Number of protein chains: 2
Amino acid sequence: MSQYDNVTVIKKANLYFDGKVSSRTVLFADGTKKTLGIMLPGDYEFGTDAKEIMEILAGELKVLLPGETEWISISGEGEFTVPANSKFKLQVASITDYACSYIQE
Amino acid sequence: MSQYDNVTVIKKANLYFDGKVSSRTVLFADGTKKTLGIMLPGDYEFGTDAKEIMEILAGELKVLLPGETEWISISGEGEFTVPANSKFKLQVASITDYACSYIQE
């Protein structure tokens, strides 16, 4: 799926880490939400509220999921899931384009 | 208008200047197109194909429109129009969030 149809897009961007991470919120007719974002190179830690499925559309990064000691490497496309109410770390080596789905459980 | 309803969003980002400028394409039911973008601080020159109406949602920047010698300053919200098939320069002083409308004439 290369595009989202029949959605609502919030105009204002979400900005994190001095804008090195930015995203736009996309709302779906079924009440679900995704963000489409860009991460510039850097080290980041994020906290989740809902469970998140992170789809990497392009980029090069390492991910440390909560409770893990081994970093996962993603080059190009990839996906990982982060549990609700947890923290995860990212080491972004090149510009990373992502789609994040928020899953209410 | 704080959101766009009933639109299609292209998932993959448009990246310029090593990702310091990035945007997402939003397609409307009437066939028109906008992009929602972020510019990090820096000096940029852009070329237009269609006429563009640049709505600044937040940020601090100076704009040099084609054929002009005086820079326009925008702080916070603002708007400027760039003719088709021309070039314009931007000096972005702080993270700038924008919505760009492409006008077919």
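Read-outs: derived from the displayed coordinates by stated rules, not from any lab. Predicted model only: the values in this text are computed from it and were never measured. Cβ sites come from the backbone with ideal geometry, for glycine too, and all protein chains shown count toward neighbours.
Couple of notes before you dig in:
- Output for segment A:13-69, where each listed residue is in a strand (DSSP E or B) and in contact with a helix residue (DSSP H, G or I) (Cβ under 9 Å, 6 or more places away or on another chain): A:I38, A:M39, A:G42, A:Y44
- Residue within segment A:67-89 that is more than 15 Å from A:V21 (Cβ to Cβ), surrounded by 14 or more Cβ atoms within 10 Å (Cβ to Cβ) and within 13 Å of chain B (Cβ to nearest Cβ) present: no
- Within the set B:A99, B:A50, the sole residue that is touching a residue at least 60 places away in the same chain (Cβ under 8 Å) and touching a strand residue (DSSP E or B) at 6+ places or on another chain (Cβ under 8 Å) turns out to be B:A99.
- Applying the condition of being at the interface with another protein chain (Cβ under 10 Å from one of its Cβ atoms) and more than 27 Å from A:K89 (Cβ to Cβ) to segment A:13-51 and asking which residue is surrounded by the fewest Cβ atoms within 10 Å (Cβ to Cβ) yields A:A29.
- Selection count, segment B:21-32, where residues are over 17 Å from A:K12 (Cα atoms) and in contact with a Phe, Trp or Tyr (Cβ under 8 Å, 6 or more places away or on another chain): 2
- So B:G59, is it touching a residue at least 24 places away in the same chain (Cβ under 8 Å) and under 30 Å from A:K33 (Cα atoms): yes
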